[in-house]
Structure formats: C-alpha cells, structure tokens
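A.B. asks: Got a structure for you, questions after.
What follows draws every value from the coordinates through simple rules; no lab data is involved. Owing to the predicted nature of the structure, the values given are computational and were not obtained by experimental measurement. FYI the Cβ positions are ideal-geometry reconstructions off the backbone, even for glycines, and counts take in every protein chain you see.
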C-alpha cells in the first residue's frame, strides 16, 4: 500500500469514526472560512522537507483560501532574518525554529504557545493527537521550559549512512556498531587506495558545533555543561570524546574542516568514503540516482555507540505562530502548521521527501523496505538527548566560540585540553553575562 | 560682467545631494555611534543599557579584533602592491599604439572580474579550488602536481583569498592607471622618446607624475575595499578554517549578525572607520603634495 492510499484510508477511517462524535463538526474548510484571503509569511530552507511541504501547499490553499507566502533562505541566514524581523515588528507570521533557537524565541516572547490555539475549538483539529509526535522530538524541537510552542516539521536524527558494497568488499557484513570498532577495525580496513572510511562534516559553522563537536561529546559521556552550568568540556569524558575525534581524523579525507553537509554527502554519494554520519533528511539525496551513484549499495543504520551509549545527533525544526502576527494571520498560520504536521498528512509528506515526526507514520513495517532510514530513525529518536546542543538564548554566541576553537583543535593549532579550556572560559563568560550564575535565570537548556 | 548666483539657488542645487547624503550616510553613522555606547543585543533587548566607552575598551584590548586587523593588513600589504605592479604592466601594454581591436577586447574583458558579484566570486573559488573535484587541482594534476588543499588548510586558504583578490581587482587597477596614462600629453611622451630609449626612464620621469592621482585613488579605494572585504571570503571560507581568513569585516559581521551584539559590532565598525579615515588622510598628505 503506498502512502497516498494509506493516508487516504486513514483519513476516511478517521472521518467514519469521527462521524458519530461531536468532533465531526470541525473541518479545515469551515475553520478557515473566516480567514480566506489571509496571507501568511514564513521562511523556508532549501532542503527536502521544505520542498515536500511546498508540493503539498496547493491542496491547503485550495481548501482554505489562505495564501502561504514562502521565502526560501539559506540556513545560515534563517536565524538572523527572523531575529531582525521580530525585533523590527516585521511581516513573518510563522517562525521556523531550529531546536537550538527555541529558548531564544520563547524567552523573547516572539512565539505563541500552542495552547492558545489548541484551546480554541474553532481552530483546534480534534485529530491533532499531540501524543502521536515522538515525545523527544516534540519536546526538543517545539518545547521550552515545559511549554510547547511549535510542532515538529522538518525532523532529523543523526544516522549512519554507509556504502554496503564497500563494506562487503572489505569483508564486513554489517556497519560498525560502536565508535571503537570504527577506530580499530573499519577505519584501517576502509582507508586505502585514495578512499577513506569516514567523512565527518566539520566546517566552521553550525556544522562544526552540531555535527562534529557535539557528536563526540555525548556518546563518550561528555556534555557542554554541568548541572551547575559550568563548563564540562575538560571532564575526562568530554576530553575522551574530543580526543577520539582527533584520532579518528586519520581515517577522514584531507581538508575535513572544510567539509559541510554537501561535501560529506557527496563524498559518500560518489563512493569516496565508506560511511558518514548525517541527518536523516539527506536520505532522499543519497537515494536519488540523480544525485548519488550508490543505488542499492546505500544502507542506513543508527549512529555507532560510545561508552555512554548511542546519544545520536539531534536536530530539526518546528513551526510556531509568531506573536507579531495579527489575529487573522495567527489563526491562518496555526491552521497551516496543524495541517502540514498532521497525522493524516504525514504519509504524503514522507512520500514527497520529508521526514515526519509522527509515530503513526512509521507503524507499518513494510515501509522500512521503501524508506531504509526508518528503523534507524525510530531507534535514534528513542535515545536522543534534547540538550545535544543547549537550546537557551545564549547558544548563538556559544556556537560561534565552539565553531572557532573546535576547528582550531582539529587543525592542531591548539591542543584538545587548551581548546576545551578556552571554549569553557568563553562559554562561562557568556552565561555569566546572561545572569545564570546569580540566580536571575533558571538553569534551563 | 560677473553674475552673482543667489544663495537660494545654490542651496536648491546642493540641498537634495546633502539631504540624500545625510539620510543614507550620516544618520546611520550617528545611529551606529550611539549604539556603540550601549549594550545592545537583539536577542536580549531587555538588558539594553548605556555603557559609555566600555565597548571601545573591550574592542581595543581584544586580541581577536587585532588578529583580524593583522590579517586584513597582511592581505593589503601583499595584494595591493601586486595589483598595482600587474595593473601598471597591463596599463602600459594597453597604452602602446597599435592592435586596436585586441586592446578593445582586452579592456572589455578586464571589466568582467570586477563586474562579477563578490559572493559569486567566492563561490567560484570554492568550487574551482575544491580538493577533489576542483578544476584548478585537475589542471595541476595534468602537470604532475599533487592536489593542493586550498580551502581546508589555514595557510593555503589565506593565500587563496589573496590570489582571488588579486584576480578580481588587478583589472580595476589596470583600467584606472590606463585612464591616468591617457592624461599624459602625447607631445611630452614623444619628446621623451626622442631623448631616451629607456622605457623605465620615461615611466619614472614622464608618466609616473601623471599617474600619482590615479595611484592615490587606487590606494584609497583598495584600502577601503580591503577593510570591507566580506562577501567573497564569507562564501569561500566563512572565515575559516579556524580563524585563518577571519578578516575584520568578517569578524564584525559575525559579532553583529550571528551573535546579534549590535553595540559591540558598532564599536568595531566605528574604530574601523577611524582607521580608514586616518589612512586616507595619510595617502593624501604623502602623495598629493607631489601633485600640488
């Protein structure tokens, strides 16, 4: 059964069940009637999940008469564009929130809690089923300090994408289960003849902080901060993880500090490396014959485990209604968020290249044959850490520090200890300035 | 008979230009100056406060700022003399008589690098200098040279930015100097050619004095451009790897647009502006005196 037919069946079944209940009075068309003609502004990124939503959009606009105006920006610009817009009281009606921006947006009062809309029977779809979202994803992407502001929209977990043919040729029937195996067995065996075992995207931007630096903290028992919000980067566990990353560089292509997502994905897609750890969203790029030579050799597994467990990279975006929108825009924006992240649309979103955060979307075991990343993704979302990168308002300042000194560590310009010490001192200075140490702010991350 | 132009007419002609300059240039500058005296972070507006000269004190004692300034100065010291030398050679060649069609085509092609958007120039560099798939490394491979890690190695990345800046701006210098050469009276050049066969002597004693205004213009514009160099570096290396290509404008953008610390970024910008003004005054004093 394809997703379209499955989604239709679910929708029909839901209609049949709800037909006997008071909730049957609610329909998207009726709810949207007062807002027909309303225009809603939102920023999107140039990534598969957004392309999927754009393909679905005509259906929403035809049903509601609401016009969703999308401006596509590079990830690097998305935060700045939104911050300036919110400070200036601009046009954006729906906030696109990376999980590390949620504290910033919530604390500044730029986004509305979803309760404002879920408590309104005219706007709340009875089939919203908030509990159907993976709890980790809902809380990490859309929640801050116990309040849910956004619904998970473009959802990622770090996964191990690998070239099963290269592994097979080297005598491996399965991907590495632990990072130690990568270091001891897979790395040496797969780094030869101009090919490398592993590419870890480490460019000096959010990629360095999220994909490279943090990825080797958590599985080794490390973290950015202690419970008292002091730097934990010089703890034995954090140091072990960061030193491990440094040692692992001998199995990575030269110039790995210049690799962003596109370079890492391309290296695997072109058969230059045997495996990468990348966001689930890149599955469609790696699976497409237009952008990848892997074909049937593409395989996906959860990230390897470290001494402290898997604790894979966690990232993604939620959509939330902006407080600066007027009432009609808020209502129209909410109806769009609710619709595009709905249980009924999750299958279509998946089929078009998106990654929904609905548990029900992955319930059919047959889907794993079509979408090879599903089992690994579902497993990863059971073991993620919400504060993989702290989500407080100070992260934009801290990530810049991590990006600079994390790259310097990898280049050997500073030792791991020195680099961690500098990051720790600078990070604590940012947190002190913000008032975390004098009791002015709750220690939430 | 002399006619005195009424003050009102003068004001009417000058007014729009002064007004535009005030709105576009002076008001934002004053606003930046005012903000530089505040703690003003877009994500922490509730904490905004007047801090006097604290931001300046921080910037002037901040090692990161002076490192970025040092990189910018190094870029300038290496790139601009090379641009002037190459630009002068190109201008002298184009100034020679004959080959009119080829010279016209060359002049047109010289416009291309500087007409290309800075950000696109950086993206071109990123693609062309790619270690694995870049055309430059492919061409080096044809003559037996191993691929060079241009973008991923700190020293190479710095040199690559310098090379790319030279590629983009040498044509500009050549065209400005060519315009300067066209101001040399032909009869003086011809008389000099009768006196000596040495091109160097003609350049030194006849052409160079006429080129001084052009050179001053080139120095002032290239100084300002180098201090403002951002787009190309941002798309090419984003200031990395590490901080190897974090020039002063890249640093200010990072503080202002990524950390949202507008107060600190304003202080950095005002200091940079002061440095630019001082350098411009020095050029004018040193070189223009000769012309006067």
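A.B. asks: Could you please state, rounded to a whole Å, how far the C-alpha centre of the range A:313-343 is from the C-alpha centre of the range B:41-88?
C.D. replies: The range A:313-343 and the range B:41-88 have Cα centres separated by 40 Å.
A.B. asks: Now a separate question. With a point put 7 Å past each Cα toward its Cβ, work out how far residue B:274 is from residue A:131 in nm, to one decimal.
C.D. replies: Distance between the two pseudo-spin positions: 6.4 nm.
A.B. asks: Another one. With 10 angstrom as the radius, rank A:286, A:314 by how many other C-beta atoms surround their C-beta, starting from the fewest.
C.D. replies: A:286, A:314
A.B. asks: Exposure proxy check: B:128, A:409 ranked by fewest other beta carbons within 10 Å?
C.D. replies: Result, fewest neighbours first: B:128, A:409.
A.B. asks: Using a Förster radius of 30 Å, what is the FRET efficiency between residue A:364 and residue A:326 based on their Cβ-Cβ separation? Nearest 0.05, please.
C.D. replies: Calculated value: 0.15.
A.B. asks: How far is helix A:48-64 tilted off the main Cα axis of chain A, in degrees rounded to 10, range 0 to 90?
C.D. replies: Approximately 0 degrees, to the nearest 10.
A.B. asks: Could you grab the relative contact order for the range B:61-291? Cα pairs under 8 Å, six or more apart, rounded to a whole percent.
C.D. replies: Relative contact order comes out at 27 percent.
A.B. asks: Ok, one more. Principal axes first, then extents: for the Cα atoms of the range B:1-101, list largest minus smallest coordinate on each axis, whole Å, largest first.
C.D. replies: So the extents along the principal axes, rounded to whole Å, are 68, 53, 25.
A.B. asks: Averaged over B:231-240, how many beta carbons belonging to a partner chain fall within 10 Å of each residue's beta carbon?
C.D. replies: Partner Cβ neighbours, averaged per residue: 3.
A.B. asks: Spin-label point model (7 Å from Cα, Cβ direction): what's the residue A:185 to residue A:262 distance in nm?
C.D. replies: Here the answer is 3.7 nm between the modelled labels.
A.B. asks: Could you identify which residue out of B:170, B:104, B:223 has the top mean-square fluctuation in a GNM of chain B using Cα springs shorter than 10 Å?
C.D. replies: B:104
A.B. asks: Per 0.36 nm of contour for each residue apart, how much would the distance between residue B:109 and residue B:191 grow if the chain were fully extended, relative to their Cα-Cα spacing?
C.D. replies: Result: 26.3 nm gained on full extension.
A.B. asks: Please give the calculated 222 nm ellipticity per residue for chain B, where each DSSP H segment of at least 4 residues contributes -39500 (n - 2.57) and the sum is spread over every residue; nearest 500 deg cm²/dmol?
C.D. replies: Only helices count here, giving -21500 deg cm²/dmol.
A.B. asks: Something else: Quick one: in the range B:204-292, what % of C-alpha pairs are over 17 Å apart?
C.D. replies: When every Cα pair of the range B:204-292 is considered, 59 percent fall beyond 17 Å.
A.B. asks: If one takes the longest principal axis of the Cα atoms in chain A, at what angle in degrees, from 0 to 90 and to the nearest 10, does the Cα axis of helix A:374-383 lie?
C.D. replies: With both axes taken from Cα atoms, the answer is about 80 degrees.
A.B. asks: Within 10 Å of each Cβ in A:263-273, how many Cβ atoms from other chains are there, averaged over the peptide?
C.D. replies: 1
A.B. asks: In addition: Once Rh is set to the Kirkwood radius over Cα pairs, what Stokes-Einstein translational diffusion coefficient, in µm²/s, holds for the protein assembly as shown at a temperature of 37 °C and a viscosity of 0.692 mPa s?
C.D. replies: 113
A.B. asks: Could you calculate the FRET efficiency of residue B:284 with residue A:51 from 1/(1 + (r/R0)^6), where r is the beta carbon distance between them and R0 is 60 Å, rounded to 0.05?
C.D. replies: 0.65
A.B. asks: Per DSSP helix of 4 or more residues, -39500 (n - 2.57); summed, then divided by the residues of chain A. What does that give at 222 nm, rounded to the nearest 500?
C.D. replies: -12000 deg cm²/dmol
A.B. asks: Between residue A:297 and residue A:67, with labels modelled 7 Å along Cα→Cβ, what's the label distance in nm to one decimal, could you check?
C.D. replies: Taking the two extended label points, one gets 4.9 nm.
A.B. asks: Using a Förster distance of 25 Å, how high is the FRET efficiency between residue B:27 and residue B:221, based on the Cβ-Cβ distance and rounded to 0.05?
C.D. replies: FRET efficiency, residue B:27 to residue B:221: 0.55.
A.B. asks: Using only Cα atoms and rounding to the nearest 10 degrees, what angle (0 to 90) does helix A:395-411 make with the longest principal axis of chain A?
C.D. replies: That helix lies at roughly 30 degrees to the long axis.
A.B. asks: Which ordering of B:247, A:336, B:172 is given by a fewest-first count of other beta-carbon atoms within 10 Å?
C.D. replies: By the 10 Å Cβ count, ascending: B:172, A:336, B:247.
A.B. asks: Between the range A:373-445 and the range A:102-170, what's the alpha-carbon centroid distance in Å?
C.D. replies: 21
A.B. asks: Right, something else. Could you sort A:419-425, A:223-229 so that the peptide with the highest average Cβ count within 10 Å comes first and the rest follow in order?
C.D. replies: Result, highest mean Cβ count within 10 Å first: A:419-425, A:223-229.
A.B. asks: Antiparallel as a % of all DSSP beta bridges within the protein assembly as shown, to the nearest 5?
C.D. replies: 75
A.B. asks: With the contact rule set at Cα under 8 Å and sequence spacing of 6 or more, what percent relative contact order holds for chain A?
C.D. replies: It comes to 26 percent, rounded to a whole number.
A.B. asks: Could you work out the pair-distance distribution P(r) of the range B:61-291 from its alpha-carbon pairs, with 5 angstrom bin width and percents rounded to whole numbers?
C.D. replies: Final binned percentages: 1, 6, 12, 15, 15, 15, 12, 10, 7, 4, 2, 1, 0.
A.B. asks: Just checking the output field for A:249-258: average partner chain Cβ neighbours within 10 Å of each residue's Cβ?
C.D. replies: Average neighbour count from other chains, rounded to a whole number: 5.
A.B. asks: Let me ask you something else. Over all alpha-carbon pairs in the range A:308-361, figure out the percentage whose distance exceeds 18 Å.
C.D. replies: Looking at the range A:308-361, the distances longer than 18 Å represent 49 percent of pairs.
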